[in-house]
Amino acid sequence: MSPNFSPLSQSPNQENMKSSLLTLTLLSPVAAAVAVGAEAPKKNKKVQDREHPNVVIIYADDLGYGDLQCYGAKGVETPNVNRLAAEGIRFTNVHAVASTSTPSRYSLLTGGYAWRRRDTDIAAGNAGMIIKPGQYTMADMFKHSGYATAAIGKWHLGLGDKTGTQDWNAPLPSSLYDLGFDYHYIMAATADRVPCVFIENGSVANYDPSAPIEVSYARNFPGEPTGKDNPELLFNLKPSHGHNQSIVNGISRIGYMKGGGKALWKDEDIADSITSHAIDFIKTHSNEPFFLYFATNDVHVPRFPHPRFRGQSAMGLRGDAIVQFDWCVGQIMQTLDELGIADNTLIILSSDNGPVVDDGYQDQAEELLGDHKPAGPFRGYKYGAYEGGTMVPAIVRWPKGIKPVGESDVLMSQIDWMASLGALIGARFPQGSAPDSQNRLGNLLGTDSTGRPWVVEQSANHVLSIRTGDWKYIEANDGPDMVTWGAKCETGNSSTPQLYDLNVGLYEQDNVALQHPDLVFEFETLLRQLRASAAAR
Ligand code: NG6
Ligand code: CA
């Protein structure tokens, strides 16, 4: 550790803060590319060359840094993910952009910090599209480079034009096709939020005309049971906090819905369903470059894995959901192997935010945790500002393009994956797109061990933190110490700035802000300038 470390003097240009911010705003792909707008899609470009590997992002939900066996998990085995890591790079310092789902996913898929917009918090199941059709997404980027594109699994970024106005019984007026995905098979939000149906290419999959669907986050529909009033109907899972509104599959949810009939999902079949759709997509496009955003429901609540995974871990349903996740990964790997395309497929496996143990259902996750540490050695969980909230597992495998170098501790943020993958495939970015994403391809592929000088992290209550190689700074905030809705998660809030030396003692225990006012000032300045750089755009 260097006590004189200046977060502002270690920009990629090794210059002062101004150049650091210049690097951020001017050398982002937006400006690096000639501002020509997006290229026209190239049809059926049958290339399987090194410059156009297939790209599969496997994005787990609430999977913590310590939740995989290859990251030290206890009480659960993850042989498929272990193999992926052994054949690629296992990263130990990768950060999701936020400690909750919607802002993390927004940032990953747009290359822009979610905190630049007010409407990117945890989305309801009837939220309108948060990424606007006019925005340039990672899917657009692949599509315009000749790739077939798909989103399969959890979406959680809104659907349709406007919140609360969707007619779920008709094709949605705007959907993921407008965001660059040729194909989608998704859950609108989360498994604990209505509507509990899959949306396939803008319409409810397996739609049942005998059971029209209505959704409200304001009031129940007359005569419909709820978890609150009808706990006797909760034959699969009961809530521990919240989650006491409409009942689907013997599990009560957030929000109210009516109808659905045979389109309603069964929680125990979600992993099978999304995996089989992912496999179909891969098989259909095995002769052309494809981009698959495969966002699993595991290990988000309600954790209700298929019976064949029950008892496969020592940790009950949460651990069994990790086993199920590992199975999904194995299925994708096996499909690529069987098709002979694993060699030129770049797989990135990661998670949208840190872990949480009890997130609202009586699934015994706490009671059965044993000595398993979902966040690994880090302090804090999902929702919070401490490292456990955004420090996530990240594995990259691409046999044809990268050497399996084992482990990498390079500091990386998911915000940079769009520009980095864009650089890999030679994408040209329209002006203003991916505004916060930097090309760090060398970090991702293990050829460059000089990481980002800092990453920005966002907690559930919008507190921003900065993490450097040695330091963690959390801006001051007057909010409560613990989240207020029942999950036992620290927020990381403190009414004074926090500064932690990550090389000394346990992670984020001794606040040394008072001993380093110069550093606190520099971090504050960096955040202020980053925020202002949004206003300037
Ligand atoms: C919270 C939910 C939690 C989870 C989270 C979103 C309650 C009491 N808790 O509000 O269960 O759904 O939102 O998680 O409603 S995320 O991973 O999608 O961000
Ligand atoms: Ca999540």
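A compact table of results
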| read-out | value |
| --- | --- |
| Debye intensity ratio I(q)/I(0), log10, the range 288-396, q values 0.12, 0.16 Å⁻¹ (C-alpha model) | -0.49, -0.81 |
| Cross-link table Lys132/Lys162; Lys373/Lys488; Lys132/Lys382; Lys373/Lys472, entries beyond 18 Å C-alpha to C-alpha | Lys132/Lys382; Lys373/Lys472 |
| Ordering of 99-106, 432-439 by burial proxy (mean other Cβ atoms within 10 Å per residue, highest first) | 99-106, 432-439 |
| The range 362-377 - phi-based ³J(HN,Hα) in whole Hz, Karplus 6.51/-1.76/1.60, Gly and Pro as x | 7, 9, 6, 4, 6, 4, 9, 5, x, 9, 5, 10, x, 9, x, x |
| Fewest-first sequence of Ile279, Ile213, Ile322 by Cβ atoms within 10 Å of each Cβ | Ile279, Ile213, Ile322 |
| Count of lysine pairs in the range 219-372 with Cα separation under 25 Å (8 or more residues apart, or interchain) | 8 |
| Cβ crowding within 10 Å averaged over residues, with 523-530, 141-148 ranked highest first | 141-148, 523-530 |
| Point-to-point label distance, Lys403-Asn206, nm (Cα→Cβ direction, 7 Å offset) | 4.8 nm |
| Cα coordinate range in the range 394-510, projected on the principal axes (Å, largest first) | 48, 37, 27 |
| Surrounding net charge for Ser276, when Lys and Arg each add one and Asp and Glu each subtract one, Cβ distance under 12 Å | -2 |
| The chain: relative contact order in percent, alpha carbon pairs under 8 Å with at least 6 residues between | 24 percent |
| Burial ranking of peptide ranges 371-380, 294-303 (average Cβ count within 10 Å, highest at the top) | 294-303, 371-380 |
| Cα shape, the range 464-537, gyration tensor, a/c 1.5 rule | oblate |
| Whole-Å distance, taken between Cα centres, linking the range 91-108 and the range 459-536 | 16 Å |
| Cα shape, the chain, gyration tensor, a/c 1.5 rule | rounded |
| Rounded FRET efficiency, nearest 0.05, which uses the C-beta distance separating Thr525 from Ser495 and R0 of 30 Å | 0.90 |
| Global geometry of the range 479-520, whether rounded, prolate or oblate, following the gyration tensor of its Cα atoms and the 1.5 cut on a/c | oblate |
| Projected-area average for the range 55-133 over all orientations - Cα convex hull basis, square nanometres | 6.9 nm² |
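No lab work stands behind these numbers, since they all come straight from the coordinates. What you see is a predicted model, and the numbers here were worked out from it, not measured in a lab. Don't worry about glycine lacking a Cβ; one is built from the backbone with ideal geometry, like all the others, and counts go over all protein chains shown.
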